[in-house]
Amino acid sequence: MANFLLTIVLPVFVISVLVKIYLKLIAGWCKCKTCLVGKTVIVTGPTSGMGYETALDFAQRGARVILGCLDKREGEETKLKIINETGNANIIVKPLDMASFDSVRAFARDVNASEDHLDILVNNAGVAGIGDRLTQDGHLYTMQVNYFSAFLLTNLLLGLLKKTKNSRIVNVASVVAKYEYHLDCTRLDHYPGNYQKVYSRSKLCLLLFTIELAKRLQSTTVTIYSVHPGVVSTHLFENVHGFGKYLVALGRVFFKTSEEGAQTIIHCAVSKGIEGDSGGHFVDCRKVPRYETAKDGALMEKLWVVSEEIVHLRPEEVVI
Ligand SMILES: NC(=O)c1ccc[n+]([C@@H]2O[C@H](COP(=O)([O-])OP(=O)(O)OC[C@H]3O[C@@H](n4cnc5c(N)ncnc54)[C@H](OP(=O)(O)O)[C@@H]3O)[C@@H](O)[C@H]2O)c1
């Protein structure tokens, strides 16, 4: 027994501690002190995980924070928690179900009516581990929540964002976009029998959308960034089943905390001097080279056209 402890358990423990220390050391941290008093920001999916930490950080900086929440009760609880922690009472809860285009349109209408400027939009809401379930609009649930609705929401708020000097959009994507080869824009709702592939597809679409929108916004002061936050211990993995569930349980000890995961999102939203990197992808608060899967300009243009059709973007809603 003593031998087993000495030869197996102790080395595994020591290596794990060293890996954890290394991961803590290389994790990016947003050190920018930008004040957000007088600024209005939107965070989708702010009731848990990185969305919560991002909204909390913006509130600490003095922003008017609009929380786009799936569940009204959870939204109100989140609002109270943020007010208690920051003393900033300028926190607004608005209903938003990213699985419904009607809900996204209602949210955008509400924001466009109540706000005269919008400085930061963080498209954070997301789901994983969901199989071939469809939304009421008839699309793959993961595709609609993670990408189609972010595309629609951003377009519906572009007028407000363009009116606001130096506004920013941050799309929370993922490194898994790197592994989604051969994206077929005509089969975005096709279920390949594997929920992980749909998740990767949704995140690659977000990345391509980021680059294409940055190109279309070149003559404006709006900038847009995509982020891989790292592997973060949040509720996101709760739908993961099978072998993956055990891997996640084992791996959680090495995952980032939600606060650590939020740092790159916050960096892209508030750091000064990154405006020239619009369209860029950020990991650990640093811009990284484009993934091989995100280099095809024609694919980006095609995805844009197909996405407009899927979300039924009307000509009068296109403000680019
Ligand atoms: N965790 C990671 O390792 C990781 C890695 C790369 C990228 N990401 C991305 O990071 C983002 C944040 O995820 P997280 O890890 O912080 O997970 P999380 O704690 O599960 O947060 C997801 C948020 O999205 C909201 N949401 C889910 N479905 C929604 C819908 N239909 N309409 C509106 N909001 C909805 C959730 O609200 P409810 O709580 O009410 O359901 C929750 O507030 C996601 O886009 C995710 O894909 C995460």
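The values are calculated or read from the model by the stated rules, or taken from the named source; none is laboratory data. Not measured: the values here are computed from a predicted model. Glycine also receives a Cβ, built like all others from the backbone with ideal geometry; neighbour counts cover every protein chain displayed. Each accessible area value is taken on the protein alone, full model and side chains, heavy atoms only, with ligands, DNA and RNA left out. Shrake-Rupley method; radii C 1.70, N 1.55, O 1.52, S 1.80 Å.
Every residue in the range 83-102 that is away from the ligand (no atom under 13 Å from the Cβ) and either within 24 Å of Q263 (Cβ to Cβ) or surrounded by 24 or more Cβ atoms within 10 Å (Cβ to Cβ) (or both), please. Break it down stepwise before answering.
Taking the range 83-102 as the starting set, the residues that turn out to be away from the ligand (no atom under 13 Å from the Cβ) are 83-92.
I83, N84, E85, T86, G87, N88, N90, I91 - these are the residues of the range 83-102 that are away from the ligand (no atom under 13 Å from the Cβ) and either within 24 Å of Q263 (Cβ to Cβ) or surrounded by 24 or more Cβ atoms within 10 Å (Cβ to Cβ) (or both).
Hey, Q136 hits all of (1) open to solvent by 10 Å² or more (accessible area, probe 1.4 Å); (2) more than 16 Å from the ligand (Cβ to nearest atom) but one; which does it fall short on? The failed condition is (2). For the range 25-54, taking the residues that are without any contact (Cβ under 8 Å) to a residue 40 or more places away in the chain and touching a Lys or Arg at 6+ places or on another chain (Cβ under 9 Å), the one that is most open to solvent (accessible area, probe 1.4 Å) is identified as K33.
Close contacts from the range 285-305, counting a first residue that is under 29 Å from A262 (Cα atoms) and a second that is modelled with pLDDT under 95 and not aromatic (F, W, Y), with Cβ to Cβ under 6 Å and a gap of 6+ residues or different chains, come to C285/G28.
When the test is whether a residue is in a helix (DSSP H, G or I) and without any contact (Cβ under 8 Å) to a residue 24 or more places away in the chain, N112 does not pass it.
When V232 is tested against (1) β-branched (V, I, T); (2) near the ligand (Cβ under 8 Å from one of its atoms); (3) more than 21 Å from D284 (Cα to Cα), only condition (3) is not met. Residues considered: R168, R105. Of these, the only one that is crowded, with 19+ Cβ neighbours inside 10 Å and away from the ligand (no atom under 12 Å from the Cβ) is R168. When every residue of the range 3-23 is checked against the conditions, none turns out to be exposed (fewer than 14 other Cβ atoms within 10 Å of the Cβ) and under 23 Å from V170 (Cα atoms). Across the range 213-256, the qualifying residues are those that are under 18 Å from Y199 (Cβ atoms), in contact (Cβ under 8 Å) with a residue 40 or more places away in the chain and of a type in the set (S, T, N, Q), and the one among them that is most open to solvent (accessible area, probe 1.4 Å) is N239. Of all the numbered requirements in (1) at pLDDT below 95; (2) within 16 Å of the ligand (Cβ to nearest atom), H182 misses one, and that requirement is (2). Among the residues of the range 108-133, those that are more than 12 Å from the ligand (Cβ to nearest atom) and either within 13 Å of the chain's Cα centre (by Cα) or crowded, with 20+ Cβ neighbours inside 10 Å (or both) comprise A108, V111, L118, D119, I120, L121.
Does the range 262-272 include one or more residues that are within 11 Å of the ligand (Cβ to nearest atom) and within 22 Å of F148 (Cβ to Cβ)? Yes, that holds for at least one residue.
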